[in-house]
Structures are given as structure tokens and as C-alpha cells.
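Novice: This is the structure, below, for whatever I ask next.
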Amino acid sequence: MVRTVAVMTSGGDAPGMNAGVRAVVRRALDCGLEVYGIHNGYEGLVSGGDAIRPLGWNDVGGILPRGGTFLGTARSERFRTVEGRRKAVENLCRRGVQALVVIGGDGSLMGARVLAEEWVTHCAELRRQASEDVCARMPDRLHVVGLPGSIDNDLYGTDMSIGADTALNHIVHAIDDLTSTAASHQRTFIVETMGRHCGYLALMGALGGGASWVLVPEEELDLRWHQKMSRAIERARAIGRPHQMVVVAEGARHPDGLPIRTEELKKILAERLGIDVRVTVLGHVQRGGPPSAFDRILATRLGVAAVDLLLSASEEPLCHMLGLQKNRVTATPLSEVVEKSRAVGSHIDQGNYREAQKLRGESFARTLELVKTLTRIEPASSPKGDGCVAILTGGADAPGMNTAVSIAARCLLNEGYAVVGVRDAFRGLIAGDFQELEWNELTSWVNRPGSELGTARHDVNGRDLERMAQNIRERNIRGLIAIGGLGTYLNAARLAAAAESLPELALPMVLVPATIDNNLPCTEFTIGCDTALNNIVQAIDKIRHTAGANRRAFVVEVMGRQSGFLALAGALASGAEKAYLPEKGICLAELNRDVAALQESFRCGKRMVIFLRNENASRHYTTDFIARLLEEESRGLYQVRTAILGHLQRGGAPTAFDRILACRMGSAAAREMSLLLEQGRAEAVALGLRGRGVEAVPFREALEEMDLETGRPRGQWFLELTSVAEILARHAPSCTVE
Ligand code: ADP
């Protein structure tokens, strides 16, 4: 049974590493383990002494929003030697450490694997020469658990590594900023992203930033790639914008293996096309800053799972990396992780691009295909049949809706379909308020907040249906793509149900889940929920800064309608002490317990406590009620404030995750619509992201998965995170102030 665990961060720093350390430390302490923190990576492990110190509950307080790693990180040459590693083993033995959690990239995980493999040999040697205190506590085996910490997202065995999402957000927002200056001067920008041998950041950055060309190491370039790129930029300028973006991964190479330099790209484009080209190398800003909500949650889930895995360990020493695959925590042997992660580089060197892409995972190849499609498409020269496809954005607006409209419409235009936008959702369909969609205009919608088509909440009724049928006939609408939340789904269901009496309504329909609430069936995430979550987390980070000298409790109200996703994920990512969810409701006994826990927290030295309350967590125990209750019971121990975050949760440019999801769903919506039209099927499908990428589910099936009485899907994956959030945000369990 593991009783003593050490945690360290190593290699390049990555935002979210702190969240990982916090989770390991608190979960381990909660389970009664002794925890050591190793400072400065393997260098600290070799040095020992003060570099390896016990970590307590409060040592990891307040680190969640901080970028980098508070434990420090380093590259250690000493650890690469057998003598160095023997010293490291000695230092671990002296403290009786039986398990090591290493958060880092492939180099760090390789180091961890070597250490685990050599453990027995080093111990045998140390038994001969080391002092008694080392031998007395020497464990028989060392369990090693690696967590993927790298902005590059280049590790096998996980869909995402800790830090990649934050870096990607930096990239898409930098591209947004460059786009506005590029537009003013009609310039083309070449943007270089980090990622060593991995093109993930460049690829996803290009997709989310709406770039016209991308160069990644995993793609085989043909000898005339300069010409292809120049032609694509020229074409994109001709049909749309005079300003363009080219994203290049730092590891991109010529077909002969030599690196592609940004200055060389600049020269090619400037000379061939006679255009004004500028270069921006994003560099270390990609690494910095507070971690995104996703990175905090990812690191927290993996950190907790690492301790749980260690607690279940048997005699056999563990040597695994935990990752997140298809939104589930999975364990992969470190040997496989290291070998397959490194194999990508060798495959690229040998020109086996297909193998390299395969090792990057299904979604990499699919995204590369999508980016290439998006750079290729242009309005078709000949129309496909008569009539048009209508697109609307319904309900409340959600960040990423514009991205989805932009991609869906351009993909359809490329196939020759006429596309029309409907103003203000179903209201526009009732009133016959349509908007022509221009290619050029659509291109610039990729990063726009809100909804350019306009949204409205309106439940359609019998009279509305007749008017819609009339407009559909007059406008010759042959299919409808509806992007929105629950209200949009329900209106679409009414429309489909009325098709028997109003034949015009017998249309192919594609439903695209877009709402900040994340309360729709057949999808684990909806377009917009990641932006809202980040808005919440950033707001709470700011609220925490206001703690000053006072002890304060904040009751923060967040949106989400009948879904607790934003409240729970918000609590997990911000370290809030409590999340009131509509799924669980609020009862008096619970409030009593919360008041007692709050008083104890302040007595134990906390300066700020945050309770998150979903807007519909309870009809009567409102945000105001809870704040008054806490205030009344404060007995001078603390003050209480409320913060209702309201519509700021919806605002701002969509995050990278929302844009990428919207791009995938937008292109899938166009594909499904085209399929339904070609096959003459007046059916409806709903899109969802579950496990194996974006899929279309028959709309009827999707509606059945919805519990209309509660207003949320029957199964909600995120509820399994409830206990994690509760454990990690408590005050130190060792504090027992009366
Ligand atoms: P990252 O973990 O970000 O990939 P590095 O590749 O620099 O970063 O690795 C971090 C550290 O891991 C190195 O400085 C070294 O101490 C250790 N390490 C890497 N590879 C090995 C190896 N083959 N054997 C032992 N230690 C290694």
C-alpha cells in the first residue's frame, strides 16, 4: 500500500501544471498519504536536500489560476547519467517515497520510465554503500505515474496534454488581433507557432483563426508546394479578402527535410504575388499566462486519477501515463507512450507521413483534411439544382455560432447549393426575413462573437407554422440548418410534427447544438459552453483578487438553465468551495452544513470562499437568500458579497475549443444536409460530439434522450466530477479549530 508520494514538474513548463500538482497533493492528503514536492524537476531530485520538501494542503492554495509551475522546472543533464539517477533514488529512499508523479513532456516521461526500470539495481547498489537512514526506509518498488504536461500536444496516449488548450487560445486570439491589422493594410501575415515536431498547435490555430494555409511537419509536401500555396493565397484574395493568414509550425519542413523558414515564406509570397507580407513568430507568449478552464480541469482530473491509481496499485510496480481519451481518463504504459510519441519524429524523417499522422490520432488526420478542404473551397461556378438551404441561429446567442454558420454555408456554396440566412431565428422564418450570405462576409465571421444572423427566443405556434410553410414555398427552401439550444430543438420538433398537414415543412433538417448551457442530448459539449466557462473562471479569478485584507464569502450566480455544467465545471476550474446544481437542488440540511463548513474555513485561515450557484439550482433558495443566510450566520467572522455574472458569460470571441467544435459541426452539418438532399430524405438529424468525433443522430432519437420535464439530457457525464470538486476545494482536513 502506497503511503508516501512525491510530485514534480519537469521539462518545458505548461499552463495547468499547478492545477495538476494541487490535485495530486490534495487528493493524496485527503487519502491520508504523506506528500513531497520536488522542486526544479529532475535537477531537484538529484540535488535532494531542500529541493524535496513536504507539501501541505495550504501550500497548494491559490495556485490554480497561476501559469507556469510553482514547483519550478528544469532540464537536468545530471539526471541523464547513471550516477545522477542513483543520487535521485537515494534521495527518494531517504524519505521513503514509494510513488512518483511526474508532470512533463516526452523527455520527462522517458526519464521517469528509466528511473522506474533501474530502481531495483540502484537500490541493490545503495544497500551496499548508503547510510542506514536510506536503507531503513527503502521501498521495494517505485510506482511511477506520468501526466502529460506539454503545450505541444505531442504525446501518444492522450487526446490533449496539459497546457495545449491555453496555448491554442493564445494563438487564435493572436491571429484575431493580427487579422484586424492585416485587414487595415491589406496585408498577408505569416504566423509561426511552437510545437517542436508536432503540428497540432499550427493546425488547430489555423482552423480556429480562419487561416488560408497551414504548414505542419506531419504533412507530406510535394515539390511544388510553393506554387500551390501561392495559388491558394491568390485565389483567396480574388474571391474574398485581400488580407490572408498563413500558419506555419516551427517543425515544418521542405520535402527534402530542411526546415521551412518564415522569412523564406515571406519572400516566396512577396515575390510571386507582389503583396505586402509580414512575419510574426508567436514564441513564448504561447506558454505563458493563466491556464484555460479546460487545462485546469484536465490537470485536476488527471491528478486525482493518478492518486487513485496509486492507491489501487498491487505488488507489480506501476509505470503508466494517465491521459484523457474521448473525454475519459485512460492509462497507457509509459514505454508505449514514449516509444510512440518519439516514433512520429522518425516516421517524418523517413517520409512515412501516413504512419506519423496515424500515431497523432484519428482527430489529427480528420482536422488536417478539414483545414485542407476549407483552404480549397470557393463558391461553385454552376448551381446544384434549384432552391436553397436556409441557416438560422436560434435561442440565446452562443459564442461560436458565427463560426458554425460560416463553415456550413461556405461548404454548401462550394458544392453549388444556394444558401440563405434567416434573420432572428424562427421569427425570420415566420416573417420571411432572409439575408443573402456573401462568401467574403462569411469568411470574416469565423471569430466573431454573438450571432450575425441574430437570434430570438420564440415558441412557434399553429399560425406561425402556416406562415413558415408559405415562406418556405415562396423562397424555395429545400433544407434547414438550425444552430441553437433547447428552444431551437423544440421548435424544430414542432416544425417536423406539422409536416403531415403542411407538406412544405417536410424538409431535411440538421440540428447543431449551440448553447452556453451544455444541456443538449447526444453531445458531451455544445458550441459556446467553453467560452462561457472561461468567462466565468476569469471573472472568479478577478473576484479573488479583490479579497484584500477582508475575509469574504462570495455567492456567484452563473447561467446554465437546468444544467449544472457551468456551475460545476466553473467550480472545478476556479477552486470554488461549493457548487449548487439544478440536478441536485438545494435543501435546508445542506445549507446548514455549508454554513458550518464556511465558518470553519474562515476559522482555519481561509480569506475567501466562493459558492457558485446555478441560476435554477432552487426556486426558493435564491442567490440573494443564500447570501443573506451566510451573512446572518457570519458572527463577524466574514463579509458576504454576491456577484451575478449575467450576460458577460455569453460575450467575447469564441475560445479555440468552441471554434474548433463549430468548424467540425459546421462542416458536418453541410455534409449531412447535402446527403439528405441528394437522397431526397426529408428527415432530421442532430449533431453531437461523443466519443468518436462529431456524429449525426436521428433527431427523434436525440429528443428521446432528452428529459423534457427537467429540461436536460437523461445522462450528464460531468456529474461524475462532483466529488472531485468538493474534495479539492475544502480547507485543510487537518485543521480542527473549535
Ligand atoms: P520535456 O519533458 O518537456 O520533453 P526534455 O526533453 O527536456 O523536456 O526532458 C526533461 C528532462 O527529462 C531532461 O532534462 C532530463 O533530465 C530528463 N530526461 C529526458 N530524457 C531522458 C532519458 N533518456 N534518460 C533520463 N532522463 C531523461
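The values are calculated or read from the model by the stated rules, or taken from the named source; none is laboratory data. Treat the numbers as computed from the prediction; the structure is a model and nothing was measured. All Cβ positions, glycine included, derive from the backbone under ideal geometry; neighbour counts span all protein chains shown. Note: accessible area is taken over every heavy atom of the protein model, side chains too, but ligands, DNA and RNA are not part of it. Shrake-Rupley method; radii C 1.70, N 1.55, O 1.52, S 1.80 Å.
Novice: Once the principal axes of the Cα atoms of the chain are found, what is the range along each, listed largest first in whole angstroms?
Specialist: Per principal axis, max minus min of the Cα coordinates gives 90, 71, 45 Å.
Novice: Of the trypsin sites (Lys or Arg not before Pro) in the stretch 540-644, which ones lie in a loop per DSSP and count no more than 14 other C-beta atoms within 10 Å?
Specialist: 619, 635
Novice: What is the extension gain from residue 223 to residue 121, computed as 0.36 nm multiplied by their sequence separation minus the C-alpha to C-alpha distance, in nm to one decimal?
Specialist: In short, 31.6 nm is gained.
Novice: Please identify which residues in the stretch 476-491 have an amide N closer than 16 Å to a label point set 7 Å out from the Cα of residue 463, following the Cα→Cβ vector.
Specialist: none
Novice: Taking the Cβ of residue 607 as the center, what net charge do the other residues with Cβ under 9 Å away carry, scoring Lys and Arg +1 and Asp and Glu -1?
Specialist: Summing Lys and Arg as +1 and Asp and Glu as -1 gives +3.
Novice: In deg cm²/dmol, rounded to 500, what helix-only [θ] at 222 nm does the chain give when every DSSP H run of at least 4 residues adds -39500 (n - 2.57) and the total is split over its residues?
Specialist: Result for the chain: -14000 deg cm²/dmol, rounded to the nearest 500.
Novice: Could you give me the ³J(HN,Hα) list for the stretch 654-671, computed from phi with Karplus coefficients 6.51, -1.76, 1.60 and θ = phi - 60°, whole Hz, x at Gly and Pro?
Specialist: Going residue by residue, I get x, 6, 4, 4, 5, 5, 5, 4, 5, 5, 5, 6, x, 6, 5, 4, 5, 5 Hz, with x marking Gly and Pro.
Novice: Quick one: grab Rg to one decimal and Dmax as a whole number for the stretch 83-142, Cα atoms only, in Å.
Specialist: 11.3, 35
Novice: In whole Å, what are the extents of the stretch 515-564 along the principal axes defined by its C-alpha atoms, from largest to smallest?
Specialist: Extents along the principal axes: 47, 18, 12 Å.
Novice: Can you compute the FRET efficiency between residue 284 and residue 631 using 1/(1 + (r/R0)^6), with r the Cβ-Cβ distance and R0 = 35 Å? Round to the nearest 0.05.
Specialist: E between residue 284 and residue 631, to the nearest 0.05, is 0.20.
Novice: Continuing with the same structure: Would you mind counting up the charge near residue 194? Only other residues with Cβ under 11 Å from its Cβ, with Lys and Arg at +1 and Asp and Glu at -1.
Specialist: Taking every Cβ under 11 Å from that of residue 194, the sum is -2.
Novice: Rolling a 1.4 angstrom probe over the protein heavy atoms, how many square angstrom per residue are accessible across the stretch 164-287?
Specialist: So the stretch 164-287 comes to 40 Å² accessible per residue, rounded to a whole number.
Novice: Counting only C-alpha contacts under 8 Å and six or more residues apart, can you give the relative contact order of the stretch 164-287 as a whole percent?
Specialist: 38
Novice: Roughly speaking, to the nearest percent, how much of the stretch 516-593's 1.4 Å accessible area is carbon and sulfur?
Specialist: About 48 percent, which is the carbon plus sulfur part of the accessible surface.
Novice: How much of the DSSP beta bridge set in the chain is antiparallel, as a percent to the nearest 5?
Specialist: 20
Novice: Moving on. Report, as a whole number in µm² per second, the diffusion coefficient that Stokes-Einstein gives for the stretch 640-738 at 20 °C and 1.002 mPa s using the Kirkwood radius over alpha carbon pairs.
Specialist: D = 119 µm²/s.
Novice: Now for a different question. Just grab the label-to-label distance for residue 499 and residue 264, each label 7 Å out from Cα along the Cβ direction, in nm (one decimal).
Specialist: 5.5
Novice: Then there is this: How large is ³J(HN,Hα), in whole Hz, for each residue of the stretch 415-427 in order, when computed from phi with the Karplus curve 6.51 cos²θ - 1.76 cosθ + 1.60 and θ = phi - 60°, using x for Gly and Pro?
Specialist: 7, x, 6, 7, 10, 10, x, 9, 6, 6, 6, 5, 4
Novice: Let me ask another. Against the 2.2 N^0.38 Å scaling, with N counting residues, where does the stretch 510-606 land? I'd like the Cα-based Rg ratio to two decimal places.
Specialist: 1.24
Novice: Provide, for q = 0.14, 0.27, 0.28, 0.29 Å⁻¹, the log10 of I(q)/I(0) from a solvent-free Debye sum over equal Cα point scatterers in the stretch 208-268.
Specialist: With one equal scatterer per Cα and no solvent, log10 I(q)/I(0) is -0.39, -1.30, -1.36, -1.41.
Novice: Given H placed 1.01 Å from N in the peptide plane, which residues other than close sequence neighbours of residue 707 have an amide H under 5 Å from its amide H?
Specialist: Here 712, 714 satisfy the definition.
Novice: Separate question: Take the Cα radius of gyration of the stretch 171-292 and divide it by 2.2 N^0.38 Å, with N its residue count; two decimals is plenty.
Specialist: In units of the globular-protein estimate, the stretch 171-292 measures up at 1.00.
Novice: Still on this structure: Using a probe of 1.4 angstrom, how much of the accessible area of the stretch 164-287 is carbon and sulfur, in percent?
Specialist: C and S atoms contribute 49 percent here.
Novice: Compute the distance in nm between two label points, each set 7 Å from the Cα along the Cα-to-Cβ direction, one at residue 70 and one at residue 681.
Specialist: About 5.4 nm separates the two model spin labels.
Novice: Can you give the net charge of the other residues whose Cβ lies under 15 Å from the Cβ of residue 703, counting K and R as +1 and D and E as -1?
Specialist: Every neighbour counted, the sum reads -2.
Novice: Follow-up. Filter the GluC sites (Glu not before Pro) in the stretch 301-378 down to the DSSP loop ones having no more than 16 other Cβ atoms within 10 Å, then list what survives.
Specialist: Listed in order of number, the matching sites are 315.
Novice: Determine the alpha carbon to alpha carbon distance for each of 578/606; 326/542; 228/267; 87/340 and list only those over 24 Å.
Specialist: 326/542; 87/340
Novice: For the chain, what is the relative contact order in percent, using Cα pairs closer than 8 Å and at least 6 residues apart in sequence?
Specialist: Computed value for the chain: 13 percent relative contact order.
Novice: Counting other Cβ atoms within 10 Å, which GluC sites (Glu not before Pro) in the stretch 681-721 have at most 12 and lie in a DSSP loop?
Specialist: 709
Novice: What is the Cα convex hull volume of the stretch 270-389 when expressed per residue in Å³?
Specialist: Roughly 268 Å³ of hull volume per residue.
Novice: Mind checking the per residue accessible area of the stretch 476-527 for me, 1.4 Å probe, whole number of Å²?
Specialist: 23
Novice: Work out how much length residue 136 to residue 717 would gain on full extension: take 0.36 nm times their residue separation and subtract the Cα-Cα distance, in nm to one decimal.
Specialist: 204.6 nm
Novice: Any idea how far apart residue 378 and residue 77 come out in nm if each label point goes 7 Å out from Cα toward Cβ?
Specialist: 5.5
Novice: To continue, here is another question. Express the carbon and sulfur contribution to the solvent-accessible surface of the stretch 16-119 as a percent, rounded to the nearest whole number, probe 1.4 angstrom.
Specialist: Carbon with sulfur: 45 percent of the solvent-accessible area.
Novice: Considering just Cα atoms, how many Å³ per residue does the convex hull of the stretch 412-535 enclose?
Specialist: 117
Novice: How much length would be gained if the chain were fully extended between residue 30 and residue 343, taking 0.36 nm per residue of separation minus their Cα-Cα distance, in nm to one decimal?
Specialist: That works out to 108.8 nm of additional length.
Novice: Using only the alpha-carbon atoms, how far is helix 486-497 inclined from the longest principal axis of the chain? Give it as 0 to 90 degrees, nearest 10.
Specialist: Tilt of helix 486-497: around 40 degrees.
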